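I have placed the structure first, in the form of C-alpha cells, so that the comments after it can refer back to it.
The values are calculated or read from the model by the stated rules, or taken from the named source; none is laboratory data. Since we're looking at a predicted model, the values are computed, not measured. Glycine also receives a Cβ, built like all others from the backbone with ideal geometry; neighbour counts cover every protein chain displayed. Each accessible area value is taken on the protein alone, full model and side chains, heavy atoms only, with ligands, DNA and RNA left out. Shrake-Rupley method; radii C 1.70, N 1.55, O 1.52, S 1.80 Å.
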Amino acid sequence: MNGTNFIGKTPSAKGSTTFHATNPATGEQLQPAYHEATLDEVANAAQKAAEAFQVYRKKSAVEKAQFLEAIADEIMALGDKLGQRYCAESGLAEARFQGERARTVFQLRFYAQHIREGFWLDARIDPPLPDRQPLPRPDLRSMHQAIGPVGVFGASNFPLAYSVAGGDTATALAAGCTVLVKAHPAHPGTCELVASAILKAAEKTGMPDGVFGMVHGTSTAVGMGIVQHPAIKAVGFTGSFRGGKALFDAAAQRPEPIPVYAEMGSTNPVFILPGALRQNGSDIAKGLAASVTLGVGQFCTSPGLTIIEKSGEGSSFLNVLSQNIGAAAPGTMLTEGIHHAYLQGLAAMSQQPGVKELAKGQSAKAANQGEAHLLGVNATNFLANKKLEEEVFGPSTLAIQTGSKEELLKVAKSLGGHLTASVFGSPADLEEYRDLIDLLAQKAGRLIINGYPTGVEVSHAMVHGGPFPATTDSRTTSVGTAAITRFSRPVCYQNFPQSLLPDELKDDNPLNIWRLWDGSWTK
Ligand code: NAP
C-alpha cells in the first residue's frame, strides 16, 4: 500500500495534507499515510472518467459482465491481506469480514449475470403504423443507456459491501458508467486494496484507463469537488443524513443539476401488535434485543423505534427487552468519531421531554466501545417532538408506548420516510391492523411481517430505499438488480435504419434479450 489517489490507473500524491487510519479497538495509528487529493487531482480524475466513458459505454454487456466478474475474482485473490486490513481499520471481526466479502463478490457476479440477460435495459419496440389515420405512427424504439461518469461515496459501516466495489460501484459499472470513488477516510487501506483489485481487473479485461478512479480525503472539499465537477453526471452515496443532504443540495445547485441517490440513516420502526404481544411477546423481545445490538447497532436497518400498546403484555414485553438489552455486551464501534456521536446522540435524546432510560447494557471495558441502551417515551411526547425520530447510530432503541389503536395509528401517520417498517402480529392482528400496514406502505421502502429489519438480501425484488429523509430519491433502491437503472437514462430512436440501431433494438434480436415488442414481452 502506498497511500496515493488513483487518477484512472495512475497513482498520484500531490497534496501535502496526509492522514492515517486508526484501529478503533487499540488506538494504534496504521501505516501508510494517505494523501488527501488536491482539487486538481479530483478534476483530473473526473476528466479521465469522462474520457474513458466514451470507450466503456460502447463495451458489450458480455464485456462489462466479464469486468465485474474479474473484479470479484481479484477481490478474492487479495486473500488474508484484505481481511487483516479490514479488521484493523474497522474493529469488525474476521467472521463479519468473511460475510461481507462474500456478499460483495456475490453482488458483482449477480449483477454481471443480470446485464447479460438484458432485461434491465427495458428495450421497447413500437413498430411503425404507416396506414394509421389521421396520421401514421413512426418506428419508435427505446432502451436505457449509461448516464455518464458516476461519483460514489461509501459508508464507514460496510468497508466492502457499501464501499469502493460495493453496490453503487457495481451497479454503475453494470449500467456502463465509469466510476470515481471518494474513499472513506475510516478505512483507506481497505479502499486502496479493493481499488488495486478493480484496476487489475480492468487491465485484464481490456477496459479503458479511467473506467475507475479513486481519491482520498478527510475534508468535505474532496467530496464536493467530485459532485461539482461538470464531467460527473450522477452520484451514489451511502452514509449519514447530514452528508447525503449536503451533497444532494450541492448537486441541485450546479449549473447542470444531476441526480444524487443518497441512502441515508433511518430508524426503522417496529410495531408489535396486541395479539403478538400476548402470544409470543417474550420471544419477540429477545429477537428485538439481538437485532438492536447486532453489529453494535451500526446498521442503517437497525430498529431504532419500537412501538407497543400500553398494557400488561406491553409491560412484560418491556421487562424482557430490558433484561436482554441489560445483558448485552459492549462492542467496539467503527471509529472514535462514531462512538462520540453515539454518546452525544444518546445524551441529547435522554434530555428530551418525557424520555426515560429503561435499561443499559454491560459497561464498556475499552475505548470506543458502545453500550446498549433502551429508552422509553409515551406516544404524546413522541408525537410532539420530531427529534425523537432521528437516527442515533449505535445499539439503542426508543420504546414508544401508545394508549390505544388510534394513538398507535397517529404515531404511524406522523412518521417520515424510513428504509424499513416491521409489524409483528397474529393473523387476527394483521386483519385488524390493515390500516396500519397501508399507512406504513407510504412511509418505507420495505415492509416486514413478523421479522426484524436487519439483513438486506441482494436479489431482484429487494428495495433498499424509501421516502425522504431515508433517501433523496424514493423512486428506486440501492440494493438489488433494480439499482442498475439509477445510473441510466432512456433514449428513443425514431425511424432508424437497422444498421444504425444498437444491437439491443434490431429486428432480429441478435443478443436474444427480452423486449417489449408492440406491447408484449418477447425474445
Ligand atoms: P458519513 O459521515 O456521511 O460519510 C460518508 C462519506 O461521505 C464519507 O466519505 C464522507 O467523507 C463523505 N461526506 C460526508 N459529509 C460530506 C459533506 N458534507 N461533503 C462532502 N463529503 C461528505 O457517513 P458514515 O458515518 O460513514 O456512515 C454511517 C451512516 O451511514 C449512518 O447514518 C448509517 O445509517 C448510514 N448508512 C446508510 C445505509 C443505507 O443504505 N441507507 C447503509 C449504510 C450506512 P468525510 O468523512 O471526509 O466527510
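If you take the residues of segment 89-103 that are touching a residue at least 24 places away in the same chain (Cβ under 8 Å) and open to solvent by 10 Å² or more (accessible area, probe 1.4 Å), which of them is farthest from Thr171 (Cα to Cα)?
Gly91
Let me confirm something: among Phe106, Phe119, which residue is at pLDDT below 95 and open to solvent by 60 Å² or more (accessible area, probe 1.4 Å)?
Among Phe106, Phe119, only Phe119 is at pLDDT below 95 and open to solvent by 60 Å² or more (accessible area, probe 1.4 Å).
Return yes when Ile437 is open to solvent by 20 Å² or more (accessible area, probe 1.4 Å), touching a strand residue (DSSP E or B) at 6+ places or on another chain (Cβ under 7 Å) and either away from the ligand (no atom under 13 Å from the Cβ) or at pLDDT 95 or above (or both) and no when it is not.
Yes; evaluated as a whole, the condition is true for this residue.
On the given criteria, is Tyr86 open to solvent by less than 20 Å² (accessible area, probe 1.4 Å), in contact with a Pro (Cβ under 9 Å, 6 or more places away or on another chain), of a type in the set (Ser, Thr, Tyr) and closer than 19 Å to Ala197 by Cβ?
So Tyr86 fits the description; yes.
Would you kindly identify the strands (runs of 3 or more DSSP E) lying entirely within segment 321-428 that contain at least 1 residues that are surrounded by fewer than 15 Cβ atoms within 10 Å (Cβ to Cβ)?
356-360
Which of the following residues is on the phi < 0 side of the Ramachandran plot and more than 21 Å from the chain's Cα centre (by Cα): Ile448, Ile437?
Only one candidate qualifies: Ile437.
Just checking, which of Ala399, Ala428 is aliphatic (A, V, I, L, M) and under 21 Å from Ser266 (Cβ atoms)?
Residue meeting the stated conditions: Ala399.
Out of the residues in segment 481-497 that are part of a helix (DSSP H, G or I) and β-branched (Val, Ile, Thr), state the one that is surrounded by the fewest Cβ atoms within 10 Å (Cβ to Cβ).
The extreme case among them is Thr485.
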